[in-house]
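Below is one structure, written out as structure tokens, with a few remarks after it.
The values are calculated or read from the model by the stated rules, or taken from the named source; none is laboratory data. Predicted model only: the values in this text are computed from it and were never measured. Counting neighbours? That spans all protein chains shown, and the Cβs are built from the backbone with ideal geometry, glycine included.
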Amino acid sequence: MTFSHLVSYFEKIEATSKRLEMFAILADLFREAHADEIDQVVYFLQGELLPAFHGINMGMSEKYLLRAITHAAGVDHDTLLQQHRTLGDIGKTVEHYSQTKEESSQTISEVYQAIYHIAMMSGEGSVDRKIDALAALFSSLSATEAKYAARFVAGQLRLGAGDATILEALALSHGDRAFRTSLDRAYNLTSDLGLLAKTFGQKGEAGILATSVRCGYPIRSALCERLPSSEEIIEKIGRCSVEIKYDGFRCQAHKQGDTVILFSRNQERTTPMFPEIVDALQTVFRQNDIILEGEALAVNEATGEAFPFQVTMQRKRKHGIDLLAKDVPLKFFVFDLLYLDGVDYTQYPYKARRDKLIALLHKHKEGEHRGSPLPPQNTVMDISEAIETDDPKTLSRFFNNVVERGYEGIVAKRLESLYTAGSRNFNWIKLKRSYKGEITDTLDLCIVGYFFGKGARARLGIGTILAAVYDPSAARFKTVSKIGTGFSEAELTDLKALLDEITLSEKPHELDAEMIPDVWVLPKYVVPVTADEITQSQSHTACCDAEGAGLSLRFPRVTGFVRSDKGPYDVTTTTEIAALFHQQKRIQVE
Ligand code: AMP
């Protein structure tokens with residue numbers, strides 16, 4: 001098809017505001033276009049050289065386009081700028097200066113290839129070469145053709161043909177609206193409408209039905225519905241897998257050969273943001289082609305708990321990622337397997353995908369270990385933590401536990417569900433907190449034990465402390481928090497020296513505790529502590545209710561070293577912390 005003929009379609013599309021008419025025009029276009037060029041037709045309609053996930057940028061600003069037009073027209077640049085301001089559209093400007101009225105004989109592919117070639121020019125002098133090549137292209141086209149070509153290059157070809165419209169028109173061109181379901185499925189698996197149109201053009205319906213996931217093409221994300229309570233979740237989907245909902249960046253990792261590409265939830269390339277995930281995939285899956293999906297987030301190495309989202313957010317910056325990767329290490333919590341060595345796992349039930357993931361990662365966190373641990377060099381990738389249950393109470397307990405650990409809630413997943421790309425349904429149900437508390441007061445807590453810590457902290461021999469409040473009426477200490485944030489390395493070293501003088505071989509007899517530290521110590525030293533909020537937790541014993549949930553601190557941090565003016569019986573009491581819990585400001589989440 002000639003480019004000029006395509007342009008006549010553009011004009012028809014622009015002239016209508018009726019959706020049905022638009023579908024009909026597009027369907028005619030798709031029927032008429034040759035299978036070898038229909039992908040380019042789709043990209044023209046979308047106003048992009050290729051879908052954004054391919055990572056190819058046109059790289060031509062309006063400023064350069066105006067220079068190219070000046071060049072092609074051989075006019076004074078300032079006069080042209082003046083005229084452009086009056087016309088207000090790059091397309092009209094090029095049309096105004098073009099002397100060619102008759103249609104060119106160039107095909108769609110020739111024009112597309114010329115523009116593609118220009119976009120690919122790089123290196124020294126490439127701007128001038130691009131301007132020259134564009135000027136030549138504009139001169140070779142008719143005024144009307146140049147108008148649309150210029151708008152396309154400037155990213156201003158807004159024909160209003162969105163993804164859904166193109167899919168609808170493709171179905172219509174087939175003469176069967178029911179075909180839309182198959183097209184949607186293929187689109188959700190590949191995210192590339194041009195590829196789809198071409199497959200359809202070359203192989204017909206059978207080609208669309210046979211479409212499956214492929215490395216390098218982002219699969220459109222499966223999304224969660226929401227329900228307000230554990231009871232409703234179990235009622236809706238019965239026995240299910242309940243995973244931690246990690247509050248970070250969704251990351252779909254594609255590895256093919258040595259190449260790893262990472263995509264965001266919206267199918268954008270995010271590879272440079274997470275060099276350690278790229279490394280981890282190359283190391284662990286050296287022999288495989290694979291697509292994994294998970295959440296990348298910053299985790300506090302010492303406590304193994306999540307950092308607030310703001311910490312993970314720092315990865316959005318452009319420079320200094322390597323340094324950041326050292327300072328604030330990320331973990332990649334993998335929650336799905338979508339493809340492995342030629343097998344499309346989106347067609348398998350959740351349970352089968354998860355079992356395969358567990359086998360692949362050689363370990364899991366649902367209790368027993370079934371395999372050998374991951375190779376030691378991989379500290380980045382981990383499988384999402386999950387339990388399987390049909391009991392709302394168990395689900396609630398897990399929920400409280402993960403919220404206390406700094407996560408935002410859970411996602412419950414139907415065990416038999418396939419991966420429903422691009423769709424939001426009850427196969428995945430999220431339960432998030434509707435309110436979060438906010439405390440402003442500092443607490444004084446008594447240290448009753450410590451943990452050795454992980455990562456860099458392990459070297460110091462102390463990573464976190466176990467801390468308690470006091471219940472004067474029962475004359476018992478009760479734990480409320482495990483704290484690893486706020487100490488400098490020097491302070492931790494000093495603290496360890498102090499605590500090692502008062503270690504106990506078993507739990508202090510005045511203490512009630514569920515959590516067991518690596519080392520118990522005599523309740524003696526007091527530290528000031530602040531936190532984001534007070535939450536309920538099964539892991540702590542302060543103010544335990546009938547269900548066994550005590551009070552605990554979310555995102556706790558010490559605000560100073562050991563207080564010399566306070567002894568163990570002067571710490572915050574259970575009555576005080578209960579009052580703080582009830583008085584804390586309640587802020588609606590989302
Ligand atoms: P929302 O953005 O609140 O609709 O929640 C859905 C998002 O939660 C997904 O897009 C994922 O990025 C994220 N997420 C975190 N953890 C999980 C998990 N275990 N399973 C599925 N999605 C998760």
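Restricted to segment 183-212, and to residues there that are among the polar types (S, T, N, Q) and surrounded by fewer than 20 Cβ atoms within 10 Å (Cβ to Cβ), the residue that is farthest from A52 (Cα to Cα) is Q202. Looking for something surrounded by 13 or more Cβ atoms within 10 Å (Cβ to Cβ) and within 33 Å of the chain's Cα centre (by Cα) - is there at least one such residue anywhere in segment 557-568? The answer is yes, given that some residue of segment 557-568 is surrounded by 13 or more Cβ atoms within 10 Å (Cβ to Cβ) and within 33 Å of the chain's Cα centre (by Cα). Cβ separations smaller than 7 Å between residues 6+ apart or across chains give the following pairs from segment 246-273 residues that are at pLDDT below 95 and basic (K, R) to residues that are within 14 Å of the ligand (Cβ to nearest atom) and assigned to a loop (DSSP other than H, G, I, E, B): R265/S221.
Residues of segment 31-58 that are buried (at least 16 other Cβ atoms within 10 Å of the Cβ) and part of a loop (DSSP other than H, G, I, E, B): A33, E37, G47, E48, L49, L50, P51, M58.
Look at I261 and say whether it is away from the ligand (no atom under 13 Å from the Cβ), touching a strand residue (DSSP E or B) at 6+ places or on another chain (Cβ under 8 Å) and either of a type in the set (D, E, K, R) or not in a strand (DSSP E or B) (or both).
No.
Of the strands (runs of 3 or more DSSP E) that lie entirely inside segment 322-402, those containing 2 or more residues that are away from the ligand (no atom under 16 Å from the Cβ), modelled with pLDDT of 95 or more and farther than 24 Å from G455 by Cβ span 330-340.
Conditions (1) in a loop (DSSP other than H, G, I, E, B); (2) crowded, with 21+ Cβ neighbours inside 10 Å; (3) at pLDDT 90 or above; (4) away from the ligand (no atom under 16 Å from the Cβ), marked per residue:
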residue	(1), (2), (3), (4)
I410	no, yes, yes, no
T420	yes, no, yes, no
I429	no, yes, yes, no
C446	no, yes, yes, yes
G449	no, yes, yes, yes
A456	no, no, no, yes
I465	no, yes, yes, yes
F477	no, yes, yes, yes
